[in-house]
Amino acid sequence: MKSKEHWENIYATKATDAVSWYQEHAELSLRLIRETGVPLDSAIIDVGGGASTLVDDLLRSGFQNVSVLDLSAAALEATQKRLGPDAKRVTWLEADITQAPLPVNAYGVWHDRAVFHFLTEADQRVAYVKAVLCSVKPGGHVIVATFAQDGPTQCSGLPVVRYSADELHDEFGDHFVLLRHDKEQHPTPFGTVQQFVYCYCRKTDSGTS
């Protein structure tokens, strides 16, 4: 089964609050985005945020230029239904982040919780980082969360790569300055706990090429 088919099947057969990565509120992500200090009209992209509630809280917080990208149309549609009329305030992108034609120097904040760790092949990770380099403004903010070294070895039946903060930052390279990192114990709807690591970086001016 191809990756897109896998995720379409997940969201077609499971409620969005019945998957292991569900958060009623993405509190750490929201706090990190707020702490960037970007203005409310700064462009923010949530990569893999199809069924996430982060977009709800970003809109409630006053952010006015939010894009949500996901491989799954079903995930995007679920969130659009949940938001109702507010869905018109969001840019929806159905795409594979390793292939998506994103605009150049467009985003002040790039956020990804739990996509990057599914990129088990080196060429996938290289393509992802190139997308960040292309589309995030010089001086822009990059927040990426993956399973930590003591996190699960797979998710939704797929293998993942686990990271320490330094290992995750190393994947992005010298164009990104690591400002802080955090650990999160994520309680799943099934009563288990998953360990995540969050890295918050700033893209340097030299990383625009």
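Since every read-out is calculated from the coordinates, none of them should be taken as a lab result. Remember, predicted model here, so these are calculated numbers, not experimental data. No Cβ is skipped: glycine too gets one built from the backbone with ideal geometry, and neighbour counts run over all protein chains shown.
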>> Could you check the spin-label model distance between D41 and V104? Points 7 Å from the Cα along Cα→Cβ, value in nm.
In response: 2.4
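Nearest 5 is fine: what % of DSSP beta bridges in the chain come out antiparallel, could you say? Intermediate results must be reported in sequence, preceding the final value.
On the way: 20 of 40 bridges.
In the chain, approximately 50 percent of DSSP beta bridges are antiparallel ones.
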> How do W92, W7 rank when sorted from fewest to most other Cβ atoms within 10 Å of their own Cβ?
Replying inline: W92, W7
>> Test of understanding: given the chain, find the longest segment containing no GluC sites (Glu not before Pro) that are in a DSSP loop and have at most 15 other Cβ atoms within 10 Å.
In response: 25-120
> Of K183/K203; K4/K130; K14/K137; K81/K137, which pairs sit farther than 28 Å apart, going by alpha carbon to alpha carbon?
Replying inline: K14/K137; K81/K137
> Once Kirkwood radius over Cα pairs in Å is worked out from the coordinates, which option in (1) 17.8; (2) 18.8; (3) 17.1 does it equal?
Replying inline: (3)
> With θ set to phi - 60° and the Karplus curve 6.51 cos²θ - 1.76 cosθ + 1.60, what are the ³J(HN,Hα) couplings of segment 121-129 in order, to the nearest whole Hz, using x for Gly and Pro?
Replying inline: 9, 4, 5, 5, 5, 4, 5, 4, 5
> For the residue pair D205 and K183, what label-to-label distance in nm results when each label sits 7 Å from Cα along the Cα-to-beta-carbon direction?
Replying inline: 3.7
> Rounded to the nearest 500 deg cm²/dmol, what is the calculated helix-only ellipticity per residue at 222 nm for the chain, with -39500 (n - 2.57) per DSSP H run of length n ≥ 4?
Replying inline: -8500 deg cm²/dmol
> Which residues in segment 145-164 place their backbone N less than 20 Å from a point set 7 Å from the Cα of A95 along the Cα-to-Cβ direction?
Replying inline: 145
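Per-residue counts of other Cβ atoms within 10 Å, averaged by peptide: what ranking do you get for 189-199, 135-145, highest first? Mind showing how you got there, number by number?
Values: 189-199: 15.7, 135-145: 22.2.
Output ranking for 189-199, 135-145: 135-145, 189-199.
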> Hey, how many Å between the Cα centroid of segment 26-61 and the Cα centroid of segment 147-209?
Replying inline: 17
> How many nm is it between the label spots at Q64 and F190, if each spot is 7 Å from the Cα in line with the beta carbon?
Replying inline: 4.3
> Which ordering of Y128, Y107 is given by a fewest-first count of other beta-carbon atoms within 10 Å?
Replying inline: Y128, Y107
> By its C-alpha gyration tensor, with a ≥ b ≥ c as the square roots of the eigenvalues, how is segment 59-163 shaped: rounded for a/c under 1.5, else prolate for a/b larger than b/c, else oblate?
Replying inline: oblate
